[in-house]
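J.: Once you've had a glance at the structure underneath, I'll fire off some questions.
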Amino acid sequence: MHQEFGHPKIVVLTGAGISKESGIDTFRDADGLWSRVNLEEVATIEAWHRDPAKVLDFHNAGRAFFAGRNITPNAAHRALARLEHEWPAEVLVVTQNIDLLHEGGGSKNVLHMHGQAGKLRCMACETIADSDAELSVTTACAACGVVGQTRPHVVWFGEMPLHMDAIMAALDSCGLFISIGTSGAVYPAAGFVQHVRRKRRAHTVELNMERSDGYQTFHDGIYGPATEVVPAFVDDLLRGRTSHA
Ligand code: BV8
């Protein structure tokens, strides 16, 4: 119905850049996380098998970072929640971020494709539990009791991202694909724009501080801090002032 009257389904892909102005470092900016930590040692499934204590120390340090700060949603998160609330068709946020700032900003239709903070998963029984506990190699799973197999519910490099069936179905039926705050360096997320363009007449736009690795694949690019460009873009969308179909 809405597709016919110029209100397509929207998929929004977000990355670390949307949370930067809330005080969370990105990964690949000059001051980003991977400039301080070697991801091969703390964010890959091989690292877990090689040195789980080191991986868990990295996780625990991240928990301490979040716990010690008042990390709150910013105007970009709130603008996406407004879009979800006021746009007549479905708006899905697919985030690569593990923070819960989209939910805190009011978005309800959110998929965390790389997992999320505050959850643990047991690699013995696959139970996922809400917990912000510090983890160690002596941690026992609360469900099955197995020791040393409880990890953060985060997708490491070399692991399949979560919710991929739902994400691909949404990409196959969207009319507008918006990418916000991501460098386009990590797949399969970085490949979503090509998928949408190959499969659909969907309009594609990136909103970012600077051109992403995949900027040429987008129809449009709007550059600047997310707290400025995202609310402005949502305003234009809701007022019908942007070519989105
Ligand atoms: C998989 C964990 C398959 C949670 C993360 C060679 C070629 C191509 C691909 C590969 C390859 N070798 C290996 C691969 C696959 C690999 C990959 O893509 N590697 C890359 C590095 C080459 N991908 C995987 O392994 C994925 N899985 O492929 O599975 C498979 C198939 C079958 C069976 C098994 C497996 C899994 C990837 C998930 C890894 N986990 N995170 C956590 O700790 O957070 S990835 C990590 O990177 C985060 O999730 C992060 O979100 C994600 C992407 O980074 P960005 O969000 O884009 O952040 P970044 O810092 O890079 O950029 C920030 C951007 O914001 C910048 O552009 C900046 O300009 C902008 N910005 C900054 N400030 C602002 C701003 N924008 C607006 N406003 C601001 N204020």
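No value in this document is a laboratory result; all are computed from the given coordinates. Remember, it's a predicted structure, so these values are computed and weren't measured experimentally. As a convention, Cβ positions derive from the backbone with ideal geometry for all residues, glycine included, and neighbour counts pool all protein chains shown.
J.: With 10 angstrom as the radius, rank Ile167, Ile180 by how many other C-beta atoms surround their C-beta, starting from the fewest.
T.: Ile167, Ile180
J.: Using alpha-carbon positions, what is the distance between the centroids of segment 88-141 and segment 183-245, in Å?
T.: 25 Å
J.: Can I ask one more? I want the local charge near Pro73. Using Cβ-Cβ distances under 14 Å, sum +1 for each Lys or Arg and -1 for each Asp or Glu among the other residues.
T.: With Lys, Arg at +1 and Asp, Glu at -1, the neighbours total +1.
J.: Taking square-rooted eigenvalues a ≥ b ≥ c of the alpha carbon gyration tensor, is segment 182-245 rounded, prolate or oblate, where a/c under 1.5 means rounded and, failing that, a/b exceeding b/c means prolate?
T.: Verdict is oblate for segment 182-245.
J.: Taking only Cα atoms, what is the 0 to 90° angle, nearest 10, from helix 75-86's long axis to the longest principal axis of the chain?
T.: Computed tilt is about 60 degrees.
J.: Using Cα positions and a limit of under 23 Å, work out the lysines in reach of Lys54, with same-chain residues fewer than 8 apart set aside.
T.: Counting by Cα, and skipping residues close in sequence, Lys54 has these lysines nearby: Lys119.
J.: Pop out the ³J(HN,Hα) list for segment 214-224 in order, Karplus 6.51 cos²θ - 1.76 cosθ + 1.60 with θ = phi - 60°, rounded to Hz; leave Gly and Pro as x.
T.: x, 4, 5, 7, 8, 5, 10, x, 10, 10, x
J.: Taking segment 23-93 on its own, what percent of its Cα-Cα pair distances exceed 20 Å?
T.: 52 percent
J.: According to the Cα gyration tensor, what semi-axes, each the square root of 5 times an eigenvalue, does the equivalent ellipsoid of segment 82-132 have, listed from largest to smallest in whole Å?
T.: Result for segment 82-132: semi-axes of 27, 11, 8 Å.
J.: Among DSSP beta bridges lying fully in the chain, give the percent that are antiparallel, nearest 5.
T.: Roughly 25 percent of the beta bridges in the chain run antiparallel, per DSSP.
J.: I'd like to know how the chain sits against the 2.2 N^0.38 Å rule of thumb: what's its Cα Rg over that expected value?
T.: Against the empirical 2.2 N^0.38 Å value, I get 1.04 for the chain.
J.: Right, next: According to the square roots a ≥ b ≥ c of the eigenvalues of the Cα gyration tensor, what is the shape class of segment 149-212, taking rounded for a/c under 1.5, prolate for a/b larger than b/c otherwise, and oblate for the remainder?
T.: Verdict is oblate for segment 149-212.
J.: Given the options Ser35, Ser19, Ser136, state which has the largest fluctuation in a GNM of the chain using a 10 Å cut-off (strictly under) for Cα springs.
T.: It is Ser35.
J.: Using just the helices of the chain, give the 222 nm mean residue ellipticity in deg cm²/dmol: DSSP H runs with n ≥ 4 each add -39,500 (n - 2.57), and the total is spread over all residues, rounded to 500.
T.: Calculated mean residue ellipticity at 222 nm is -8500 deg cm²/dmol.
J.: A further question on this structure: With the contact rule set at Cα under 8 Å and sequence spacing of 6 or more, what percent relative contact order holds for the chain?
T.: 23 percent
J.: Can I ask one more? Could you tell me the relative contact order of segment 1-102? Use alpha-carbon pairs under 8 Å, at least six residues apart, and round to a whole percent.
T.: 44 percent
J.: Cross-link partners among lysines for Lys199, C-alpha distance below 25 Å, same-chain residues fewer than 8 apart left out?
T.: Lys9
J.: Can you list residues from other chains, or at least 5 along the same chain, whose modelled amide H is less than 5 Å from the amide H of Gly221?
T.: Amide H neighbours of Gly221: Glu206.
J.: With charges set only on the Cβ (+1 for Lys and Arg, -1 for Asp and Glu), what does the dipole of the chain come to about its Cα centre, in debye to the nearest 20?
T.: My answer is approximately 380 debye.
J.: Segment 1-144: percent of C-alpha pairs farther apart than 28 Å?
T.: When all Cα pairs of segment 1-144 are counted, 29 percent exceed 28 Å.
J.: Counting Lys +1, Arg +1, Asp -1, Glu -1, what net charge surrounds Val234 among other residues with beta carbon under 12 Å of its beta carbon?
T.: With Lys, Arg at +1 and Asp, Glu at -1, the net is -1.
J.: Helix 52-67 versus the longest principal axis of the chain: what is the Cα-based angle in degrees, 0 to 90, to the nearest 10?
T.: On a 0 to 90 degree scale, this one is about 60.
J.: Given H placed on each backbone N at 1.01 Å, which residues far from Phe27 in sequence or on other chains put an amide H within less than 5 Å of it?
T.: Leu33
J.: Please list the non-local residues whose amide H lies under 5 Å from the amide H of Lys119, H modeled 1.01 Å from N, same-chain partners needing a gap of 5 or more.
T.: Here Ser131, His153 satisfy the definition.
J.: Give me a comma-separated list of calculated 3J(HN,Hα) values for segment 172-180, in order, Karplus coefficients 6.51, -1.76, 1.60 applied at θ = phi - 60°, integers in Hz, x for any Gly or Pro.
T.: Rounded to whole hertz, the list is 6, 10, 8, x, 9, 10, 10, 10, 10.
J.: Helix 226-238 versus the longest principal axis of the chain: what angle, 0 to 90°, nearest 10, using Cα atoms?
T.: Relative to the chain, helix 226-238 is tipped by roughly 40 degrees.
J.: Let me test this: with uniform point scatterers at the alpha carbons of segment 115-245, what is the Debye-based log₁₀ I(q)/I(0) at q = 0.13, 0.17 1/Å?
T.: Relative scattering, expressed as log10 I(q)/I(0), comes to -0.70, -0.92.
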